[in-house]
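Have a look at the structure below, then the notes.
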Amino acid sequence: MAFLKEDIELLKSAVAEKYGRPIGTAGECKLFAEEIGKVVGKVSISQKTVQRLWQQGHTNLSRAVMDILAKYVGYDDFYSAIEALKEKSAPYKYYSHSLSVGKYKLHDAMIIVLNQNNYEMTPEALADSINAQDLYERNDRQPLPASQILQRVGIKPKYFSYNKETNLVSLNMAHRKPEEN
């Protein structure tokens with residue numbers, strides 16, 4: 001799988017910062033591959049893979065390799081690492097990897113629809129709009145219910161707020177019109 005070069009470079013920078021030593025020569029790549037095994041645990045990547053990434057600049061690596069590197073720097077997987085690292089480098093600009101590949105997470109779909117509708121909607125209208133635009137698909141392939149919208153609002157207070165009195169879900173200011181941030 002080929003990843004975006006800028007995403008790989010961002011992750012490599014985080015890895016290099018944590019590792020604290022150069023990763024350039026074959027010997028350094030071998031030491032780093034051994035370090036990954038110690039830090040991440042049962043999974044590892046080979047010296048050759050490290051060399052392909054650091055010496056040759058390959059972007060066509062497996063998702064498993066990228067996930068291992070993300071775990072090395074403390075994230076669950078590659079995509080959550082990239083999202084968090086981009087947020088650190090530009091904290092007021094909304095970024096989600098799912099937006100760039102067209103596979104939306106629920107909070108991404110909510111941000112899209114709220115940006116289309118003056119930043120606030122009832123949970124029912126928001127769920128209906130997400131379903132109508134086919135922006136999000138549940139694992140069970142059932143239509144998105146309003147209760148799941150409210151649950152996500154509670155999980156992602158950085159992005160959303162909910163006013164019980166008006167029954168409106170609002171998009172927080174920092175995440176409005178992501179293309180303009």
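The values are calculated or read from the model by the stated rules, or taken from the named source; none is laboratory data. Keep in mind the model is a prediction, meaning the values are calculated, not measured. Cβ placement follows ideal geometry from the backbone for every residue including glycine, while neighbour counts extend to all protein chains displayed.
Please go through the stretch 51-60 and pick out each residue that is under 13 Å from residue 11 (Cβ atoms) and either surrounded by 19 or more Cβ atoms within 10 Å (Cβ to Cβ) or among the acidic types (Asp, Glu) (or both).
Answer for the stretch 51-60, where residues must be under 13 Å from residue 11 (Cβ atoms) and either surrounded by 19 or more Cβ atoms within 10 Å (Cβ to Cβ) or among the acidic types (Asp, Glu) (or both): 53, 54.
Any chance the stretch 121-137 includes a residue that's part of a loop (DSSP other than H, G, I, E, B) and at pLDDT 90 or above?
Yes - at least one qualifying residue is present in the stretch 121-137.
How many residues, within the stretch 19-52, are touching a helix residue (DSSP H, G or I) at 6+ places or on another chain (Cβ under 7 Å), of a type outside the set (Gly, Ala, Ser) and under 15 Å from residue 69 (Cβ atoms)?
Looking only at that region, the number is 14.
Note down all Cβ pairs under 6 Å where the first residue falls in the stretch 156-173 and is under 13 Å from residue 123 (Cβ atoms) and assigned by TED's automatic domain parsing to the domain that holds residue 126, the second is among the acidic types (Asp, Glu) and part of a strand (DSSP E or B), and they're at least six residues apart or on different chains.
From residues that are under 13 Å from residue 123 (Cβ atoms) and assigned by TED's automatic domain parsing to the domain that holds residue 126, the pairs are 168/120; 170/120.
Go through (1) under 27 Å from residue 150 (Cα atoms); (2) in contact with an Asp or Glu (Cβ under 8 Å, 6 or more places away or on another chain); (3) modelled with pLDDT of 85 or more for residue 106 and report which single condition fails.
For residue 106, the exception is condition (2).
Grab the helices (runs of 4 or more DSSP H) fully contained in the stretch 1-95, keeping just those with 2 or more residues being under 30 Å from residue 110 (Cα atoms) and not assigned by TED's automatic domain parsing to the domain that holds residue 107.
Ranges flagged: 5-19, 63-72, 78-89.
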